[in-house]
1. If you take the residues in the stretch A:141-152 that are buried (at least 24 other Cβ atoms within 10 Å of the Cβ) and touching a residue at least 60 places away in the same chain (Cβ under 8 Å), which one is nearest to A:V98 (Cα to Cα)?
2. I'd like to know if the stretch A:258-279 contains one or more residues that are part of a loop (DSSP other than H, G, I, E, B), closer than 20 Å to A:G326 by Cα and either within 14 Å of another protein chain (Cβ to nearest Cβ) or small (G, A, S) (or both).
3. Mind listing whichever residues of the stretch A:454-501 are within 18 Å of A:G514 (Cβ to Cβ) and over 20 Å from the mean Cα position of the chain (by Cα)?
4. Looking only at the stretch A:156-193, filter to residues that are over 24 Å from A:D93 (Cβ atoms) and among the charged types (D, E, K, R); which one of those is modelled with the lowest pLDDT?
5. Name the residues in the stretch A:393-415 that are surrounded by fewer than 24 Cβ atoms within 10 Å (Cβ to Cβ) and not polar (S, T, N, Q), would you?
6. Going by the structure shown, is B:R161 at pLDDT 95 or above and either at positive phi or assigned to a loop (DSSP other than H, G, I, E, B) (or both)?
7. Quick check on the stretch A:440-496: of everything there that is touching a Cys at 6+ places or on another chain (Cβ under 8 Å) and assigned to a strand (DSSP E or B), which residue is nearest to A:M261 (Cα to Cα)?
8. If I filter the stretch A:496-525 down to residues being touching a helix residue (DSSP H, G or I) at 6+ places or on another chain (Cβ under 8 Å) and over 21 Å from A:K374 (Cα atoms), which single residue comes out as surrounded by the fewest Cβ atoms within 10 Å (Cβ to Cβ)?
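The values are calculated or read from the model by the stated rules, or taken from the named source; none is laboratory data. Given the structure is predicted, the values throughout are model-derived calculations rather than measurements. Glycine gets a Cβ as well: all are built from the backbone with ideal geometry, and neighbour counts include every protein chain shown.
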Amino acid sequence: MSKEMTGAEMVVEALKDHGVDVLFGYPGGAVLPIYDVLFQQESVRHILVRHEQGAAHAAEGYARSSGKVGTLLVTSGPGATNTVTGLTDALMDSIPLVCITGQVPTHLIGSDAFQECDTVGITRHCTKHNYLVKSIDDLCRVLHEAFYVASNGRPGPVVVDIPKDVQFARGLYSPPHNVHHKTYHPQLDGDVSLIREAVAMMAAAKRPVFYTGGGVINSGPVAAATLRELVALTGFPITSTLMGLGAYPASGANWLGMLGMHGTFEANNAMHDCDLMIAVGSRFDDRITGRLDAFSPGSKKIHIDIDRSSINKNVKVDLAIVGDCGHVLEAMVRVWRSEAMHAEKQPLDAWRAQIDHWRARKSLAYRNSTTTIKPQYAVQRLYELTKDKDVYITTEVGQHQMWAAQHYHFDEPNRWMTSGGLGTMGYGLPAAIGAQLAHPKSLVIDIAGEASILMCIQELSTAIQYRLPVKVFILNNEYMGMVRQWQELLHGGRYSHSYSEALPDFVKLAEAFGAKGIRCYDPADLDRAIGEMLDYDGPVLFDCVVEKGENCFPMIPSGKAHNDMLLADLSDDAGVELGAIIDEKGKMLV
Amino acid sequence: MNAPTSPPSPYSASTSDSKIESHTLSVLVDNEPGVLARVVGLFSGRGYNIESLTVAEVAHAEHLSRITIRTSGAPETIEQIRHQLERLVPVRQVTDLTVNGRGLERELAMVKVRGRGDNRNDALQLAEAFRARIVDATTESFIFELTGKPEKIDEFVDLMRPIGLVEVSRTGVAAISRGPEPI
């Protein structure tokens, strides 16, 4: 059923047809025709951000918390370039976005026109795919393809750049039905014989571990449910990357906690000593592996991933299964059941006992204080006081992010939004706004640092405008904490430009925006203050003044292996000593 | 994390001790705007080498182009390049023509040589031996057209250098697999 309409109308029509209810954006000259159409309809709700980077992160928060495609609309030139950080973030963390950018009219392209930039050139490296639509005849197809490409296979951001004259031009629009892409057909089902082989390896394993990642979350709720089933069937211990938290419940019996640079002692040692590693939707990132040549030296490795290029990229694996991890896990459960497989009890019991021994080391322990709020304590209290609520957590990037990952526990997928791959400071507040729009009745908290929050603080205005009651819980240690920690460990305590000088008064800042500000110094008063934040029906900036010099442990120092972790008590007041632990090569690492 | 400096990470696969090999990849792509930039950008962005690159439309009605890339790297890097290429949305198929040893490779070169007397005769004799065609001639110059494996062209160019080589223009490698089947 084709209908004639303008290009601008097609954009909005396509958004509706793809089930978009919220669109983040910022108007400008090159998208005025589309804004004019938005003005005259009510099915797509436009959320005006205060900076286009905020639009991209908000769309990410919306997408990650809802499982839908996040959308944004920005103008040409600076509108487009401001989205680059958000697009790159979405590419690194595999978040499906469709970003519509306005472009100068086709006859002006290449003339250095006002607010012209080579959007497809600039975003080619930070999108999964992008399009410049030079003819109205292509627009309908491209819009449908954009949603298809963003959400199928390994998800990612797609940019559609539409010159202004194409927005005015009239053409035929038809709704999407079974978009058949010419070239892009990701493989969803894993090879059955490989799956059988994997299950046989699992049944024979003596010291197995599941290592799961963001791919399980991306695959959808069924994948997480199937993962839980497989873990229950096999009884294997499981750890997860930062991006995969919540796929397996933190309260689950087999949970080891997060792994990697700031992962738990038990998770990292289990990875190091295992004889079978089952990687599901994870990508052996350098934050996970530590020193590559010492990474889990004695194990066979199975890798399940929808992206063929993730396999053998960093770590060579013994068995690779390309497919959607939801599909592959389902097949594994089926094979395990149908062949009445069972793991060998005796070695598995010994392995669990070994893990309990590591767990007894209590690697997340810290020395609490009655005079100052320890950041770990703040996150723990926040968790205790909100865990029974319907809660979504976002973070910025740095120490607070790691403490949130360690001390806030997730029992469900899609509840945790953080910038993992790119590590984008400023992600958390706009992402919280996106999550709140996807879940208007839920509690959404951005666990932030005082430095990160200032990178996208303008979005507080967006929260006020749309009455989005997001809570920003700032762990304020007056430092770019992770930078400070590394300077302490690697650069002789020379804190070059990492002190947060001239901070605003966050309470007054909140009030200036029209939000509520709360400050808390006293550990004894913390619960009350958090209660006050939760009781307030509106956005809150919570300035939680914490211990300044606290380091984030445990930690795998740069260039070290999983079984070479730094633990908290080892490191008490010993900056110099720590510096000596990391060798020259380690100092080269980020 | 906002670390102050980020020199090349020793974590990268390039630390591998494996032998460097040269491979020819044939990439069938949808001939849409920017597709070459995507392929070339992938190589530069991920630090892969391009030794030679040829691209042309091969099926007009289907908008199909064939990109032939000669690249070098450790075997695992070559495998990674292949999968990274396959991941690009407009890429239909990637074939490593070196792996099965059934690749047929040719390159065309035009070689301008200037000289008189004996040099002129030497040039003509060598051209005949290499089955190069004369496509332009003046009393003091020739332009030879030569088709063959890149190594053969290298050899011809080296021989022409003392005789009076002026300049060379080469197409880069075009490659196809032997036998009746498509790649």
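1. The qualifying residue nearest to A:V98 (Cα to Cα) is A:A150.
2. Going residue by residue through the stretch A:258-279, those that are part of a loop (DSSP other than H, G, I, E, B) are A:259-264, A:274-275.
Checking which are closer than 20 Å to A:G326 by Cα leaves us with none.
No, because not a single residue in the stretch A:258-279 is part of a loop (DSSP other than H, G, I, E, B), closer than 20 Å to A:G326 by Cα and either within 14 Å of another protein chain (Cβ to nearest Cβ) or small (G, A, S) (or both).
3. If the condition is that a residue be within 18 Å of A:G514 (Cβ to Cβ) and over 20 Å from the mean Cα position of the chain (by Cα), then A:Q458, A:L460, A:S461, A:T462, A:A463, A:I464, A:Q465, A:Y466, A:R467, A:L468, A:P469 are the ones that fit.
4. Per the stated criteria, the residue is A:K182.
5. A:H407, A:Y408, A:H409, A:F410, A:D411, A:E412, A:R415
6. Values: at pLDDT 95 or above: yes; either at positive phi or assigned to a loop (DSSP other than H, G, I, E, B) (or both): no.
Considered against the rule, which asks whether it is at pLDDT 95 or above and either at positive phi or assigned to a loop (DSSP other than H, G, I, E, B) (or both), B:R161 comes out as no.
7. Per the stated criteria, the residue is A:L475.
8. My answer is A:S496.
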